[in-house]
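Working notes, beginning with the structure itself.
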Amino acid sequence: MGEAVLFRSLTLLVYATLVWLVCHWFVLCGEEPQLLSKFGEAYEEYLREVPRWIPRVRRVRRRR
């Protein structure tokens, strides 16, 4: 998507969006149900704690 912006290409932006949607659909409908059936409650907890695509930014505390 960044290249679509860089090159000002609507075609590339549409293509990148479609590829992302297919990958997202695969994760939601393919991987997650399989992992949920395999790992159960532990995987549900993992889903609550870890964001799917965009990581959370946290401040790092320095040890003294």
Next on the checklist: Taking the beta-carbon count within 10 Å as an exposure proxy, list Trp53, Trp20 from fewest neighbours to most.
Outcome noted: Trp53, Trp20
Checklist entry - Quick one: if you stick a label point 7 Å off each Cα along the C-beta vector at Arg59 and Tyr43, how many nm between them? => result 3.6 nm
Item to check | For segment 19-26, 3J(HN,Hα) per residue [Karplus equation, 6.51 cos²θ - 1.76 cosθ + 1.60, θ = phi - 60°, Hz, x = Gly/Pro] | outcome: 4, 4, 4, 5, 5, 4, 4, 4
Item to check | Difference of contour (0.36 nm per residue) and Cα-Cα distance, Met1 to Leu13 | outcome: 3.8 nm
Next on the checklist: Can you match Rg and Dmax of the Cα atoms in Å to one of these, [x] 17.3, 52; [y] 11.0, 33; [z] 13.5, 44, based on a calculation from the structure here?
Outcome noted: [x]
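FYI, it's all coordinate maths here, none of it is from the lab. Keep in mind the model is a prediction, meaning the values are calculated, not measured. No Cβ is skipped: glycine too gets one built from the backbone with ideal geometry, and neighbour counts run over all protein chains shown.
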